[in-house]
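Right, one structure below, let's go through it.
Derivation of every value follows stated rules applied to the coordinates shown; laboratory data play no part. None of these values were measured; they are calculated from a predicted model. Cβ placement follows ideal geometry from the backbone for every residue including glycine, while neighbour counts extend to all protein chains displayed.
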Amino acid sequence: MRKVKNIETYKSDEPAVVTIGTFDGVHIGHQKIIKRLINTGIQEGLKSVILTFFPHPRMVLQKDSNIKLINTLKERHDILDALGLDYLMIKKFTKEFSRISAEDFVKDILVDKINAKKVIIGYDHRFGRNRNADINDLKQFGETYGFEVEEISAQDINDVAVSSTKIRKALDEGNIEKANTYLGYNFMFSGMVTKGKGLGKQLNFPTANIQIDEDYKIIPKQGSYIVRAVIDDSRVFGMMNIGTNPTVDGKKQSIEVNFFNFEKDLYGKTIQIEFLHRLRDEEKFESVEALKTQLAIDKQTALEYISKTHAE
């Protein structure tokens, strides 16, 4: 898959079938539409293209928006690449861009740059300045500029909307299994391993402290989780704590992972971690010894879960 980040300087000679959207999560509802896009491209000899926007429009137009995204841009790229998409076009979303007319958007971007011959779009899609154009306007532009418009039904659009809402809600509640079911893959995040306070080592549970640079990335509810990562081509399981370490009077949220049967130095490495199962809420224990006891219980629970569900 080719990623085009600077669409302003791009111009394609290859005819394309296009769909438009943020596709945050690239969940099972999105995947249904994307597979339709890709199959149409194959059947009709067109390059399959997703036109997406970054930052998320709500981040630009609603400064008080606290929206958190399921995927970073890189995660979205990797998932779409695995699905078999030909092109991911990323249009930088700005206030200036939000003010262009619907016809200018169609002519300058869909036609002149992407060379769209077919657009697959939701029945309720709105675009252009003040979002004042709809699918009927798009069909008229299609007649003018020589592309076909294929409508995505209300049912399919509802599946997409409901899934996005449910995924965010599930992650906020710590319900990883539900989120993963809607995503069609394991929720993940990536971060660099940084120096921590060394608390885990003192507890005989050495941890990798994860720093996530993308502040727009959604973080699941505080608590302990069973996780998995691929490090140096090896699959490694562990347990993660998201929280403030209240037993030792911690104040700032941290993300720490204790990998099982793994002793390599990870400082400075960026690793991707998948969430498999929630163990428990974070809690304040009466002593450090009580915390150590609970961590041992958590590890045993995690190992039993892994042996049942992820046996080689």
For region 1-55, which strands (runs of 3 or more DSSP E) that fit wholly inside it have 3 or more residues that are in contact with a helix residue (DSSP H, G or I) (Cβ under 7 Å, 6 or more places away or on another chain)? 16-20, 47-54
Any residue that is exposed (fewer than 14 other Cβ atoms within 10 Å of the Cβ), in contact (Cβ under 8 Å) with a residue 24 or more places away in the chain and polar (S, T, N, Q) - is there at least one of those in region 105-123? no
For region 291-312, give me each residue that is farther than 18 Å from T207 by Cα and either of a type outside the set (V, I, T) or touching a helix residue (DSSP H, G or I) at 6+ places or on another chain (Cβ under 7 Å) (or both). E304, Y305, S307, K308, H310, A311, E312
Here is a list of conditions, (1) surrounded by 14 or more Cβ atoms within 10 Å (Cβ to Cβ); (2) touching a residue at least 40 places away in the same chain (Cβ under 8 Å), and E44 meets all of them except one; can you say which number that is? (1)
